[in-house]
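Reading through the structure tokens given below for one structure.
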Amino acid sequence: ADYQILTFAAGPARDFYLAASENYTVLSEKVGETTVNSYAFPERIEEADLALQIAVESLKSFNERFGPYPYTEFDVVSTPMQALGIEYPGMTGISLALYDPNERILGLPSPVILESTVAHEVAHQWFYNTVGNDQIDEPWLDEALAQYATWLYYVDVYGEGAAQNYRASWDDRWDRVERADIPIGLPAGTYVDDEYGAIVYGRGPLFLTALADKMGQQAFDEFLRDYYQTHKWGIGTGETFKQLAEQHCQCDLTTLFEEWVYPK
């Protein structure tokens, strides 16, 4: 009659998320064995195509740098929300405002923010979903890594020079709290006012660049890939992150972590 029963099977996965609309249109493209789908309303088809291309290039970049994306489908869905984007296993929700070409978000044209947001949320498929972490007590382990991975996306797509424009946004975020020496490794609820975004999303990826400088870029790149491979479908912690990094650089990183990560 008027009822239908649907069964959704997925896994391994850390969450379940559903977005539905009778008005959605979908654009699709393949990346290896993965079908990438971009959902939006018909009047936003150009922006849906842009989101699709960003997701495709992000998957290519992270597949190469960290290891294969684990599913045969990835969905980018425009939805009403207060955040710019939210990650879920195998899909991400992106704010409707980012699909409006007339909007300015954070002082920039919406397509600029759409690109960094989609790339960031795609990165969470590696760091949050495949490699899990305590998002409440150690949010830097997925958010700062997703920020850093977004920079890698810009490097791979546009080159080092153009990627500096995105990297500068980390400093802009940290500047919101006047570059306060606040540890990135605090629980989310410890930060007040603008501190969470400024420290975890701004100072956090800056710490990772400092770590890469200390280890050497090649050793750091190999370490990140190893971190993904060895913690796949498990839980990473700040301590295991540090220990594995030290194994790769054959060095003591305690001083660096005390400067950036640990509470004073």
Of the residues in the range 96-121, those that are small (Gly, Ala, Ser) and open to solvent by less than 10 Å² (accessible area, probe 1.4 Å) come to Ser110, Ala119
When the residues of the range 228-264 are narrowed to those that are of a type in the set (Lys, Arg) and under 24 Å from Asn129 (Cα atoms), which ends up least open to solvent (accessible area, probe 1.4 Å)? Lys242
Condition first: part of a strand (DSSP E or B), under 20 Å from Tyr228 (Cβ atoms), modelled with pLDDT of 95 or more and open to solvent by less than 100 Å² (accessible area, probe 1.4 Å). Can you find one or more residues in the range 51-64 that meet it? no
Within the range 1-40, the residues that are touching a residue at least 12 places away in the same chain (Cβ under 8 Å) and at positive phi are Gly32
Out of all the residues in the range 17-28, is one or more within 25 Å of Gly234 (Cα to Cα) and open to solvent by less than 60 Å² (accessible area, probe 1.4 Å)? yes
If we keep only residues of the range 150-167 that are among the aromatic types (Phe, Trp, Tyr) and open to solvent by 10 Å² or more (accessible area, probe 1.4 Å), then the residue nearest to the chain's Cα centre (by Cα) is Trp151
Check on Gly67, closer than 30 Å to Ile235 by Cβ, at pLDDT 95 or above and surrounded by 21 or more Cβ atoms within 10 Å (Cβ to Cβ): no
If the requirement is being at pLDDT 95 or above, of a type outside the set (D, E, K, R), in a helix (DSSP H, G or I) and exposed (fewer than 14 other Cβ atoms within 10 Å of the Cβ), which of these qualifies: Gln147, Gln218? Gln218
Qualifying positions in the range 221-249 - more than 17 Å from Pro68 (Cβ to Cβ), part of a helix (DSSP H, G or I) and in contact (Cβ under 8 Å) with a residue 40 or more places away in the chain: Gly238, Phe241
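The values are calculated or read from the model by the stated rules, or taken from the named source; none is laboratory data. Given the structure is predicted, the values throughout are model-derived calculations rather than measurements. Backbone-built Cβ (ideal geometry, glycine too); neighbour counts: all protein chains shown. For accessibility, only protein heavy atoms count, side chains too; no ligands or nucleic acids. Shrake-Rupley method; radii C 1.70, N 1.55, O 1.52, S 1.80 Å.
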